[in-house]
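Have a look at the structure below before the remarks.
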Amino acid sequence: MARLIKTELWKLKRYSVIWIGIATMLSVVLLTCFMEIGTPGTPTFSSFSDNVIWNSFSLIFPATIVLIAGYMIERERTDDTLKNIMAIPVSFRSLLLGKVFVCGMISVFLAIVELLFTALISLFSRYEGIALGSVMRSLAQMVGMNCFVFISVLPVIVFTGQKAGTFMTGVAFAFFYGFIGTFASGHGLSCLYPVTIGLGFINYQNGMETGTYNIFRCVVVLLIMLVITAVMLLLAQDRSKTQKIKGKGDIQ
């Protein structure tokens, strides 16, 4: 597994999709900055960071990480390297698990990138309250939120990754999935809706979501998502290959 992860990290050097992830982090920070312009009062670094977290999970990050994961899996098919990897032999299940693990690392990396953009925009815009403590708090919250959102979309990644040409459908679903989180959290369902459970774990407190979170419910939903993902990984196989074999049998 360690060798698979190392190989996937090496492959990232050839993939331009990681720059799409960086661009989306920049876009969500800039979008939040423009939104702050029309907000009454003087923004602070903490309030700006909180709004970035909100916009990230509800608008951009779920679709972004599904896009990156789907692209990484699909490249094995388009580059015609999947059959060579299977001959090593490495099971499709192990390959998929390695890519999922690397995507988790990418989620952390994008959170760090998001924080850097947030801090730079805050300095440029002269927002108050930028200190080491507030920056570290924002870093922990962004990393945590990205990781929990990543876990919430894992079933989407594993499901669409098993069949060629379906990952863009997963991206569209992930965008809708994250956007609905805005309404779920607004109706007190933050600890029940998978995309928003991270708000409870990071103790997100802002004008759009306040109050006490039920951490027990968040943990239960988190465990459910992990169990679903584990079962899907255990049953995972290259459905495109299976479909081709069936197609040949039908012709005969």
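Collect the residues in segment 12-32 that are open to solvent by less than 20 Å² (accessible area, probe 1.4 Å) and either hydrophobic (A, V, I, L, M, F, W, C) or assigned to a helix (DSSP H, G or I) (or both), keeping them in residue-number order.
Taking segment 12-32 and keeping what is open to solvent by less than 20 Å² (accessible area, probe 1.4 Å), we get 15, 17, 21, 25, 28-29, 32.
Of everything in segment 12-32, those that are open to solvent by less than 20 Å² (accessible area, probe 1.4 Å) and either hydrophobic (A, V, I, L, M, F, W, C) or assigned to a helix (DSSP H, G or I) (or both) turn out to be VAL17, GLY21, MET25, VAL28, VAL29, THR32.
Being more than 13 Å from the chain's Cα centre (by Cα), assigned to a loop (DSSP other than H, G, I, E, B) and hydrophobic (A, V, I, L, M, F, W, C) narrows it down to one residue among ALA164, ALA184; which is it?
Values: ALA184 fails: assigned to a loop (DSSP other than H, G, I, E, B).
Going through ALA164, ALA184 in turn, the sole match is ALA164.
From the list PHE124, PHE150, which residue is among the aromatic types (Phe, Trp, Tyr), under 11 Å from the mean Cα position of the chain (by Cα) and either open to solvent by less than 50 Å² (accessible area, probe 1.4 Å) or at pLDDT 90 or above (or both)? Steps first, answer last, please.
Working: PHE124 fails: under 11 Å from the mean Cα position of the chain (by Cα).
Selected residue: PHE150, the only one of PHE124, PHE150 that is among the aromatic types (Phe, Trp, Tyr), under 11 Å from the mean Cα position of the chain (by Cα) and either open to solvent by less than 50 Å² (accessible area, probe 1.4 Å) or at pLDDT 90 or above (or both).
Please verify whether MET35 is of a type in the set (A, V, I, L, M, F, W, C), closer than 20 Å to GLY186 by Cα and open to solvent by 60 Å² or more (accessible area, probe 1.4 Å), treating the condition exactly as stated.
Numbers: of a type in the set (A, V, I, L, M, F, W, C): yes; closer than 20 Å to GLY186 by Cα: yes; open to solvent by 60 Å² or more (accessible area, probe 1.4 Å): yes.
Yes; evaluated as a whole, the condition is true for this residue.
Here are VAL113, VAL135, VAL143, VAL156: which of them is within 23 Å of LEU9 (Cα to Cα) and touching a Phe, Trp or Tyr at 6+ places or on another chain (Cβ under 9 Å)? Spell out the reasoning first.
On the way: VAL113 fails: touching a Phe, Trp or Tyr at 6+ places or on another chain (Cβ under 9 Å); VAL135 fails: within 23 Å of LEU9 (Cα to Cα); VAL143 fails: touching a Phe, Trp or Tyr at 6+ places or on another chain (Cβ under 9 Å).
Just a single option satisfies the conditions, and that option is VAL156.
The values are calculated or read from the model by the stated rules, or taken from the named source; none is laboratory data. Note that this is a predicted model, so its numbers are computed, not measured. With ideal geometry, Cβ positions are generated from the backbone for all residues, glycine too; neighbour counts draw on all protein chains shown. Please note that ligands, DNA and RNA were not included when accessible areas were found on the heavy atoms of the full protein model with its side chains. Shrake-Rupley method; radii C 1.70, N 1.55, O 1.52, S 1.80 Å.
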